[in-house]
């Protein structure tokens with residue numbers, strides 16, 4: 001026998017089971033064990049505070065100045081030039097390069113909310129009701145000044161494409177908590193209010209990178225089958241499909257025994273999961289049995305497939321069914337012009353549903369071990385862009401500081417962490433990088449970010465990469 005073929009056979013799981021004393025009986029026994037006991041590659045390194053993550057990604061970058069980072073004295077400086085000592089020669093985009101940087105205060109009112117007295121914009125009336133469960137990190141910062149590398153960094157830990165997404169890392173490291181749904185589900189909003197400067201979303205943002213393809217995210221569709229090709233073709237019954245899968249599976253297993261390619265096993269397992277999903281996904285996406293009070297809490301848009309509201313409700317239903325990582329994308333936040341008008345619509349899209357998600361999880365006892373994170377790829381500038389007045393303005397990209405909020409999963413509520421200068425331009429206290437946020441999220445899931453690794457191209461690759469990353473312990477309960 002060819003030595004390379006022999007080596008592959010020795011390494012294949014099928015060959016091990018076939019040649020071991022226990023044989024397929026061991027595999028049958030393992031199927032009776034709890035799913036997370038036998039499918040995790042690495043497992044937790046210490047006690048987890050969270051079992052799962054819901055990541056609300058606001059693609060396009062919301063303005064922290066108009067939503068979370070209150071700067072009451074900026075109105076005195078309207079239309080004055082930003083001091084050079086503040087900008088300090090920062091690299092800017094081509095859209096504002098060489099132009100005057102004129103201070104543009106927010107037109108929106110802020111007020112202290114909750115028992116904690118967190119400052120919140122008038123644009124988020126529903127989320128203001130939940131601030132005592134939320135932690136606002138006002139000192140987020142990133143290295144990216146353009147959208148695609150910014151989104152890629154947030155979703156995969158690197159600006160350059162090709163690395164696994166965070167959900168893929170968790171699927172690889174922690175395994176599945178259910179048998180009938182994917183470990184990692186993605187739901188982009190099908191529509192949004194802000195119609196300007198809308199960038200595309202790419203499947204690599206939820207892809208497996210160099211990890212086995214079984215760990216990639218599954219995207220739910222707003223129209224037709226929730227998952228592509230979920231339904232049987234006309235004339236094909238469930239029993240016929242079962243027989244077809246059995247026949248194809250036998251051929252694939254025979255092929256795997258011959259060449260040992262693990263991706264063949266991935267194909268077999270994914271085909272079997274798809275078969276089970278023909279029952280589990282329609283049940284998941286059917287919200288007709290939700291109470292009237294629950295539906296009203298999420299708002300009128302919950303009745304529309306593909307809305308952010310509908311996706312938030314589905315996220316809660318996925319939590320109940322053991323999905324490990326759920327990522328919602330909502331586009332339309334890139335407001336270089338007419339920011340007040342567009343921001344109002346975007347906030348209306350997400351404010352009530354996001355607050356409802358937190359309330360819904362909490363009243364069902366699920367928020368305690370569900371980590372909810374909301375962020376965009378960077379922030380917006382204090383200097384205006386486009387036609388400027390007190391009420392009409394835009395803002396450019398700003399990586400030096402922005403706000404992300406977290407709730408549940410062992411995060412302290414009712415607090416603001418980190419501080420920016422008087423212009424919301426530079427972080428002056430407790431900076432938090434995107435990699436720090438990733439390390440903190442992994443920590444709450446019981447994972448040491450240094451130890452969640454995969455060998456590739458001569459390195460033990462990590463979600464947090466090779467640059468320093470720290471767990472933000474001050475925000476942990």
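Summary of values
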read-out	value
With Cα atoms, 0 to 90° folded angle of helix 308-320 axis to the chain main axis	40
From the C-alpha gyration tensor of the stretch 92-199, square roots of 5λ in Å	31, 25, 15
Proxy reagent accessibility, fewest Cβ within 10 Å first, across 475, 137	475, 137
Nitroxide proxy distance, nm - points 7 Å out along Cα→Cβ at residue 459 and residue 143	1.0
Residue exposure sequence - 206, 119 - by fewest surrounding Cβ within 10 Å	119, 206
Cα long-axis angle, helix 434-444 against the chain (0 to 90 degrees, to the nearest 10)	50
Surface/4 of the Cα convex hull for the chain, nm²	25.1
Peptides 175-188, 358-371 ordered by average Cβ neighbours within 10 Å, highest first	175-188, 358-371
Centroid-to-centroid separation of the stretch 385-445 and the stretch 88-148 [C-alpha atoms, Å]	7
Beta bridges per DSSP with both ends in the chain, % antiparallel, nearest 5	50
Convex hull per residue volume in Å³, alpha carbons only, for the stretch 277-366	110
At 1.306 mPa s and 10 °C, Stokes D of the stretch 183-342 from Kirkwood alpha-carbon radius, µm² per second	87
Virtual spin-label span in nm between residue 81 and residue 95, 7 Å along Cα→Cβ	2.3
Tail fraction, Cα-Cα pairs, the stretch 111-263, threshold 28 Å, whole percent	47
Pairwise label distance in nanometres, residue 474 with residue 258, each label 7 Å out on the Cα-Cβ vector	6.2
Acute angle (nearest 10 degrees) that the helix 262-285 long axis makes with the longest principal axis of the chain, alpha-carbon atoms	60
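Bear in mind that the values in this text are calculations on the coordinates, not laboratory data. The structure displayed is predicted, hence computed values, not measured ones. A quick note on method: Cβ atoms are made from the backbone with ideal geometry, for glycine too, and the neighbour counts reach across all protein chains shown.
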